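The values are calculated or read from the model by the stated rules, or taken from the named source; none is laboratory data. Predicted model, so just to flag it, every value in this text is computed and none were measured. All Cβ positions, glycine included, derive from the backbone under ideal geometry; neighbour counts span all protein chains shown.
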């Protein structure tokens with residue numbers, strides 16, 4: 001309870017701090033919505049020309065893109081430092097969080113909000129509405145699906161970025177993993193077979209961020225929900241365990257830092 | 001010119017000093033090309049045709065290889081210029097005996113040479129493995145010239161976005177939107193040949209096809225007419241965007257206020 005109220009305070013502070021520069025705040029949100037809209041035009045053009053690819057049509061793309069964008073947005077808005085964790089580790093900037101009586105990982109990743117994430121969330125919702133699959137019960141499934149997909153995304157980020165405990169400066173490698181996760185999440189999963197599909201459910205769990213939650217939003221299926229919830233839980237537990245295991249190896253240069 | 005050549009050389013050597021960082025970024029092209037292969041292999045299979053819009057599967061993949069190398073090899077100049085304007089560190093560059101824009105161009109070219117080269121190397125290896133050998137070597141040298149023209153156009157737009165920092169707090173969204181417009185109207189993810197006719201016409205009236213589609217399409221089917229058409233487009237847009245950039249820079253510097261030092 002104490003941790004939850006701490007998190008709420010942190011998110012509130014992040015939001016107020018972002019809104020301090022009102023023009024930049026609005027530009028980033030609207031800019032991201034426009035950015036995603038233009039990017040999605042690619043799929044509109046593609047399906048205008050080819051109609052369907054292995055059972056996937058434009059409506060499926062609206063849905064999977066909407067879920068993945070909203071999950072990404074929610075993840076980076078609430079836990080923005082999950083994208084920068086390897087830099088914090090490699091540059092010895094975890095000292096600040098270690099010196100305070102709060103959970104180190106939670107405090108570190110929730111200390112920054114990526115404002116444009118709000119734009120991603122809004123775009124995700126609009127994309128879901130545009131898919132033609134909107135319904136009140138579908139909206140509830142969309143919210144649950146996005147929540148679980150965001151948990152998958154943030155957990156994977158923590159896992160990938162924690163490699164910095166072992167490899168030092170791993171930012172190039174981690175950005176490769178981040179890009180892989182996002183790119184694979186917004187492509188039709190039916191394109192991939194055999195080993196590639198196995199990778200998308202395990203090593204780079206992009207299917208759990210895009211195709212699986214999108215399938216759950218389309219129609220309630222207990223088996224899909226269980227798969228998604230199990231995947232998110234396992235990744236969450238595993239990422240926290242790996243982070244704290246790596247934290248034992250953490251070394252800092254005792255640099256004096258101030259947190260503004 | 002010698003000082004700009006020296007800036008180019010220094011940036012080139014600087015880039016080579018961090019090979020792992022560049023290697024990590026270049027490997028990304030392998031992943032993208034593999035996804036494109038999965039997608040377009042299915043498209044060609046579903047359509048049951050060896051050629052679509054005059055392109056074979058091999059042509060399409062080699063097209064993507066070059067388009068991705070151009071895109072991934074570009075430095076994010078807008079961000080560094082905007083940062084220099086916002087922090088005021090631009091003042092340290094303005095009092096040096098070189099032109100600010102030419103300095104940025106030389107440094108950016110130095111960075112791109114390594115990044116684009118490595119990306120094309122990895123991209124070519126994986127494309128060759130997936131769909132066979134590259135297009136005729138006769139077109140490689142003219143392609144290089146078109147890639148250079150595309151890079152210069154990109155530089156003009158990127159520098160203009162960076163200079164927007166003189167008038168607006170946040171330039172990143174402009175960069176995102178420009179990037180996505182290049183993806184769509186430049187033909188990064190789908191060659192323009194597959195677009196509806198009206199959209200092809202609209203895209204060709206803009207500079208984006210000269211930045212990606214033109215060089216990549218010429219690379220896979222090197223015909224003199226295609227070369228001159230793309231080169232002509234690049235030249236016309238370079239004149240227009242280059243003039244706007246110079247005017248914007250002069251106007252921006254006049255507005256610049258630096259406190260302290």
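Please go through the range B:88-124 and pick out each residue that is surrounded by fewer than 18 Cβ atoms within 10 Å (Cβ to Cβ) and over 17 Å from residue B:7 (Cβ atoms).
Selection gives B:88, B:91, B:117, B:121.
On the given criteria, is residue B:169 facing chain A (nearest Cβ under 10 Å) and either surrounded by 20 or more Cβ atoms within 10 Å (Cβ to Cβ) or in contact with a strand residue (DSSP E or B) (Cβ under 6 Å, 6 or more places away or on another chain) (or both)?
no
Mind checking which residues of the range B:8-29 are more than 10 Å from chain A (Cβ to nearest Cβ) and within 19 Å of residue B:212 (Cα to Cα)?
If the condition is that a residue be more than 10 Å from chain A (Cβ to nearest Cβ) and within 19 Å of residue B:212 (Cα to Cα), then B:29 is the only one that fits.
Mind counting the residues in the range B:7-62 that are in a helix (DSSP H, G or I) and farther than 24 Å from residue B:119 by Cα?
Within the range B:7-62, residues that are in a helix (DSSP H, G or I) and farther than 24 Å from residue B:119 by Cα number 6.
Would the range A:181-192 turn up any residue that is over 16 Å from residue A:66 (Cβ atoms), out of contact with any helix residue (DSSP H, G or I) (no Cβ under 9 Å at 6 or more places or on another chain) and surrounded by fewer than 16 Cβ atoms within 10 Å (Cβ to Cβ)?
Among the residues of the range A:181-192, not one is over 16 Å from residue A:66 (Cβ atoms), out of contact with any helix residue (DSSP H, G or I) (no Cβ under 9 Å at 6 or more places or on another chain) and surrounded by fewer than 16 Cβ atoms within 10 Å (Cβ to Cβ), which makes the answer no.
Does residue B:132 fit the bill of being more than 14 Å from chain A (Cβ to nearest Cβ), crowded, with 19+ Cβ neighbours inside 10 Å and in contact (Cβ under 8 Å) with a residue 40 or more places away in the chain?
No: the conditions fail for residue B:132.
If we scan the range A:110-126, do we find a residue that is within 14 Å of another protein chain (Cβ to nearest Cβ), farther than 30 Å from residue A:2 by Cα and in a helix (DSSP H, G or I)?
yes
Going by the conditions given, is residue A:250 under 28 Å from residue A:109 (Cα atoms) and not in a helix (DSSP H, G or I)?
Yes.
For the range A:1-98, which helices (runs of 4 or more DSSP H) that fit wholly inside it have 2 or more residues that are within 10 Å of another protein chain (Cβ to nearest Cβ)?
A:22-50
Working only within the range B:52-82, note down all residues that are more than 14 Å from chain A (Cβ to nearest Cβ), more than 29 Å from residue A:185 (Cα to Cα) and either crowded, with 21+ Cβ neighbours inside 10 Å or free of Cβ contacts under 8 Å to residues at least 40 places away in the same chain (or both).
B:81
So which residues in the range B:192-220 are part of a loop (DSSP other than H, G, I, E, B) and within 11 Å of another protein chain (Cβ to nearest Cβ), if there are any at all?
Hits for the range B:192-220 are B:195, B:196.
Hey, can you tell me all the residues within the range A:43-59 that are crowded, with 17+ Cβ neighbours inside 10 Å and modelled with pLDDT of 90 or more?
Those that are crowded, with 17+ Cβ neighbours inside 10 Å and modelled with pLDDT of 90 or more: A:43, A:45, A:46, A:47, A:58.
Tell me which residues, restricted to the range A:168-218, are part of a helix (DSSP H, G or I), more than 18 Å from the chain's Cα centre (by Cα) and facing chain B (nearest Cβ under 8 Å).
Listed by number, the residues that qualify are A:172, A:191, A:196.
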